[in-house]
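FYI, it's all coordinate maths here, none of it is from the lab. Since the structure is predicted, the reported quantities are computational estimates derived from the model, not experimental observations. So basically every Cβ, Gly included, is an ideal-geometry build from the backbone, and we count neighbours across all protein chains shown.
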Amino acid sequence: MSDRHTPQHPELIALDWGTSSLRAFLLADAGQILQTRSTAQGLQALPLPGVAGFEKAFADIAGDWLTRWPQLPVVAGGMVGSAQGWKEAPYVRCPVDVGALAKHSVSVPSGLGMDVVIAPGLLLDEADNAPDVIRGEEIQIAGALATNPALAEAATLVMPGTHSKWVQITAGQITHFSSYMTGEIFSVLVKHSILGRLMTEPVSEEPSSAQAAFAQGVEAARHSQPGDFTHQIFAARTLGLTQRLPQPVLKHYLSGLLIGHELVSGLAKSAAKLQTQGPLLLIGEPSLCQRYAQAFAILGVPVTGILDNPAPRGLWEFAKALGLIHQPLDVLH
């Protein structure tokens, strides 16, 4: 855990609670971050089973805050609101804004006096497509729109990760999204398939060779035909067997191939919208977003910018929509 000095009076405890980690933010007026703490006590690593595990994890990370400021409201987003979470916050159908998230929130006793208000996830269920869901990213999106108001009119947000999300924003609402298992598939193929056996670690960094292999994977995806995907994946082995690519860069080729296929699909789905609905923004871990930006550049698509972690601001906006934040008089007037 890491703390910083808190010269301002706190207004909110905000929890970003996922499957593998828990992050807590102590926020002041206007959403400034006073303190940040993180632990590995996500849903898969709770200190105790069931509700007791959530209560103890919360007490461990934020109990002293509530001891010092017992009236602070507490909000949470992420997998903590899933069916396997502290309390399920059922999915809300698109289109959705932060007000709808507040309207469909659920509360659970924290065990320390204050309730924890949990944000729901989102459901896209169109008759002519398979259903899709988001849980956690909706809070990040609320934060991105609050810090970048120009995006609210129209934008495409790409959120790389284990399960990447492509999100369409129209008139301040999430109107459409698509999920891609790019990160998870990459991990499975590298760690649990025959492909990984040739993917040796480099003795020294070869950035130019790695970038070239990544670009080769993106280009393979760009020029693929229907049904080529699994054949192209096998090339991550045969290119190494024939020494057409050095073994240390095969992982970069595979990364480019998987990200490239995601981008080809995402751009095809939103091609018409990208011309009329504003900028394209990347949200997520900076190094991964940079890799996506590189892939977009190879495909000739400009990226407006990269946001690291808008979740704290999103949780602040969620709390405001719930009426938990007391606005100063000069803001109200």
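Non-local amide H neighbours of Ala89 (under 5 Å, H modeled in plane, Pro and chain starts lacking H): which ones?
Those lying under 5 Å, H to H, from Ala89 are Ser82.
Taking the simple approach of a point 7 Å from Cα along Cα-to-Cβ for both Ser38 and Ser20, what is their distance in nm?
Calculated label separation equals 1.1 nm.
Expected output is a single nm value to one decimal: the length gained when fully extending between Met181 and Asp228, i.e. 0.36 nm times separation in residues minus the C-alpha distance. What is it?
Stretched fully, the Met181-Asp228 segment lengthens by 15.2 nm.
Could you order peptides 252-259, 127-134, 176-183 by the average number of other Cβ atoms within 10 Å of their residues, highest first?
My ranking of the peptides, most packed first, is 252-259, 176-183, 127-134.
Roughly how tilted is helix 182-192, in degrees to the nearest 10 and between 0 and 90, from the longest Cα axis of the chain?
Relative to the chain, helix 182-192 is tipped by roughly 60 degrees.
Please give the helix 50-68 orientation as an angle from the longest Cα principal axis of the chain, in degrees from 0 to 90, rounded to the nearest 10.
Result, in degrees: 60.
Keeping to pairs on different chains or 8 or more places apart, tell me how many lysine pairs in the chain have Cα atoms under 21 Å apart.
6
Taking +1 at the Cβ of each Lys and Arg and -1 at the Cβ of each Asp and Glu, which of Ile139, Leu123, Thr170 sits farthest along the dipole of segment 45-185 towards its positive end, judged by Cα position relative to the Cα centre?
Ile139
Residue by residue, what Karplus-based ³J(HN,Hα) values in Hz, rounded to whole numbers, does segment 296-307 have, using 6.51, -1.76 and 1.60 with θ = phi - 60° and x for Gly and Pro?
4, 4, 4, 8, x, 10, x, 10, 6, x, 10, 10
If you keep only loop residues by DSSP, which GluC sites (Glu not before Pro) in segment 155-254 have at most 12 other Cβ atoms within 10 Å of their Cβ?
Answer in residue order: Glu205.
Using the Karplus curve 6.51 cos²θ - 1.76 cosθ + 1.60 with θ = phi - 60°, what ³J(HN,Hα) values do you get for each residue of segment 95-104, in whole Hz, with x for Gly and Pro?
Going residue by residue, I get x, 9, 10, 5, x, 5, 4, 5, 4, 10 Hz, with x marking Gly and Pro.
Just how far, in whole angstrom, is segment 22-66 from segment 298-327 if you go by their alpha carbon centroids?
If we compute the Cα centre of each part, the gap is 20 Å.
How large is the dipole of segment 150-213 about the Cα centre if only Lys and Arg carry +1 and Asp and Glu carry -1, each at its Cβ, rounded to the nearest 20 debye?
That gives segment 150-213 a dipole magnitude of about 220 debye.
Looking only at the chain, where both bridge partners belong to it, what percent of the DSSP beta bridges are antiparallel (to the nearest 5)?
If I count the DSSP bridges inside the chain, around 70 percent turn out antiparallel.
Would the chain count as rounded, prolate or oblate if I go by the C-alpha gyration tensor, calling it rounded below 1.5 in a/c and otherwise prolate when a/b exceeds b/c, oblate otherwise?
Judged from the Cα gyration tensor, the chain comes out prolate (a/c at least 1.5, a/b above b/c).
Report the antiparallel proportion of the DSSP beta bridges in segment 8-159 as a percent, rounded to a multiple of 5.
Counting DSSP beta bridges with both partners in segment 8-159, the antiparallel share is about 65 percent.
Can you give the calculated 222 nm mean residue ellipticity of the chain, where each DSSP H run of n ≥ 4 adds -39,500 (n - 2.57) and the sum is split over every residue, rounded to the nearest 500 deg cm²/dmol?
Mean residue ellipticity, 222 nm, calculated: -12500 deg cm²/dmol.
Give me a comma-separated list of calculated 3J(HN,Hα) values for segment 119-131, in order, Karplus coefficients 6.51, -1.76, 1.60 applied at θ = phi - 60°, integers in Hz, x for any Gly or Pro.
Running phi through 6.51 cos²θ - 1.76 cosθ + 1.60 with θ = phi - 60° gives 7, x, x, 10, 10, 10, 9, 9, 4, 9, 9, 5, x Hz.
Could you calculate the FRET efficiency of Ala171 with Gln211 from 1/(1 + (r/R0)^6), where r is the beta carbon distance between them and R0 is 56 Å, rounded to 0.05?
Taking R0 as 56 Å, the efficiency between Ala171 and Gln211 is 0.90.
When a/c reaches 1.5 or more, the comparison of a/b and b/c decides; with that in mind, is segment 108-168 rounded, prolate or oblate per its Cα gyration tensor?
It comes out oblate by the Cα gyration axes.
For the ranges 51-59, 308-316, 147-155, what's the packing order if you count other beta-carbon atoms within 10 Å of each residue, average per peptide, and put the highest first?
308-316, 51-59, 147-155
Helix 229-241 sits at what angle to the longest principal axis of the chain, using alpha carbons and giving 0 to 90 degrees rounded to 10?
60 degrees
Place a +1 charge on the Cβ of each Lys and Arg in the chain and a -1 charge on the Cβ of each Asp and Glu, then give the dipole magnitude about the Cα centre in debye, rounded to the nearest 20.
For this selection, approximately 540 debye.
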